[in-house]
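The values are calculated or read from the model by the stated rules, or taken from the named source; none is laboratory data. Just so we're clear, the structure is a prediction, and the values are computed from it rather than from any experiment. No Cβ is skipped: glycine too gets one built from the backbone with ideal geometry, and neighbour counts run over all protein chains shown. All accessible areas refer to the heavy atoms of the entire protein, side chains included, with ligands and DNA or RNA removed. Shrake-Rupley method; radii C 1.70, N 1.55, O 1.52, S 1.80 Å.
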Amino acid sequence: MYHHVKKLMYTVRVGTPDPRFGRMLLEQFGGANGELAAAMQYSIQGLNCDDPARKDLLMDIGTEELSHLEVIGTLARLHLKPTNVTRSAAEADPLIAICGGGGVNLFNSQGNPWTADYLKISGQIEVDLRNNIAAEARAKIVYERLIDFTDDAGSKDALQFLMTREITHMKAFMKALDSLGKGALEIGARPPTPGVVDQYFNDSTGEGDAGKDLRGPWNQGDGWEFVEAPAFKDLMDASGAR
Ligand code: MN
Ligand code: MN
């Protein structure tokens, strides 16, 4: 059951409206990493979740994201409202100006309509939680970039709040993932094939302007078997080359 309370989760103030910045803000309203996507992803994952504790987490955060949607929508609306008034402002976002009369709609910053294709809903809790950790990380960096593109103090303040909450959510999802007690590489029920799982294929080879082979914990130590250029293996075997 949903209920709406007639106040914003965070106060939104805008000094001078900036329609071009308002259009950028739509990325977090109706975009791939935006608040509607977050709200729907977590809420629908929650519908599918049979684990009562993690279902509660998903519904709590999914619902908070709807409150974020209201905040970012209000902020975008304040910046885009003048598109209804002057030709120069309308040029900042013709779609919002002409079809929306200066009101926001569920588009991203390029006018692409919101789509459920943005959502990552797997029906497997450890996979969903990883999707959510990544989604929060993406939302955080989009907010950071938005903050860097405005000088309006009120806008920066609201965006800083929204950005901060994404890290809070990221922490909650990480803790929920840890608390499942599964190993970091344990996904689903079926184990991977031993041996193959530890092979690192050196598939980008040679040395040139585009770089050279480098080693790190992603391909050496900790059980890794470094397999040299599998695509060329037959050729190298035939020539005796290494
Ligand atoms: Mn959010
Ligand atoms: Mn979030």
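Look at A37 and say whether it is more than 17 Å from D148 (Cβ to Cβ), among the small types (G, A, S) and crowded, with 20+ Cβ neighbours inside 10 Å. Against the criterion (more than 17 Å from D148 (Cβ to Cβ), among the small types (G, A, S) and crowded, with 20+ Cβ neighbours inside 10 Å), A37 qualifies.
Against the test of being of a type outside the set (G, A, S) and in contact with a Ser or Thr (Cβ under 9 Å, 6 or more places away or on another chain), the options P52, P19 yield a single qualifying residue, P19. Per the listing A153, A229, A172, the residue uniquely open to solvent by less than 90 Å² (accessible area, probe 1.4 Å), farther than 30 Å from R23 by Cβ and touching a residue at least 40 places away in the same chain (Cβ under 8 Å) is A172. If E64 passes every condition in (1) away from ligand 1 (no atom under 16 Å from the Cβ); (2) open to solvent by 10 Å² or more (accessible area, probe 1.4 Å) but one, which one does it miss? For E64, the exception is condition (1). Only one entry in A184, A231 is among the small types (G, A, S), within 29 Å of E126 (Cα to Cα) and at pLDDT below 95, namely A184.
Has segment 63-84 got at least one residue that is within 16 Å of ligand 2 (Cβ to nearest atom), within 15 Å of R165 (Cα to Cα) and touching a His at 6+ places or on another chain (Cβ under 7 Å)? No: zero hits. Considering (1) assigned to a helix (DSSP H, G or I); (2) open to solvent by 80 Å² or more (accessible area, probe 1.4 Å); (3) of a type outside the set (S, T, Y), the lone condition that E186 does not fulfil carries the number (1).
Please indicate, with yes or no, whether at least one residue in segment 15-27 is open to solvent by 30 Å² or more (accessible area, probe 1.4 Å), in a helix (DSSP H, G or I) and within 16 Å of ligand 1 (Cβ to nearest atom). Yes, because at least one residue in segment 15-27 is open to solvent by 30 Å² or more (accessible area, probe 1.4 Å), in a helix (DSSP H, G or I) and within 16 Å of ligand 1 (Cβ to nearest atom).
Rundown of residues vs (1) in the same structural domain as T74 (by TED's automatic domain parsing); (2) farther than 13 Å from G34 by Cα; (3) in contact with a His (Cβ under 7 Å, 6 or more places away or on another chain); (4) more than 10 Å from ligand 2 (Cβ to nearest atom), yes/no style:
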| position | (1), (2), (3), (4) |
| --- | --- |
| R130 | yes, yes, no, yes |
| I141 | yes, no, no, yes |
| D148 | yes, yes, no, yes |
| G154 | yes, yes, no, yes |
| F161 | yes, yes, no, yes |
| A172 | yes, yes, no, no |
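Within segment 192-209, does at least one residue satisfy the condition of being among the β-branched types (V, I, T), outside any loop (DSSP other than H, G, I, E, B) and open to solvent by 60 Å² or more (accessible area, probe 1.4 Å)? Among the residues of segment 192-209, at least one is among the β-branched types (V, I, T), outside any loop (DSSP other than H, G, I, E, B) and open to solvent by 60 Å² or more (accessible area, probe 1.4 Å), which makes the answer yes.
For every residue, the table says whether it meets (1) under 17 Å from the mean Cα position of the chain (by Cα); (2) assigned to a loop (DSSP other than H, G, I, E, B); (3) outside the structural domain of E144 (by TED's automatic domain parsing).
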site	(1), (2), (3)
R13	no, yes, yes
Q45	yes, no, no
L78	no, no, no
V104	no, yes, no
G123	no, yes, no
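Assess whether F161 counts as being within 11 Å of ligand 1 (Cβ to nearest atom) and more than 16 Å from the chain's Cα centre (by Cα). The answer is yes for F161. Please work out if R138 is within 15 Å of ligand 1 (Cβ to nearest atom) and either surrounded by 20 or more Cβ atoms within 10 Å (Cβ to Cβ) or among the charged types (D, E, K, R) (or both). Yes; evaluated as a whole, the condition is true for this residue.
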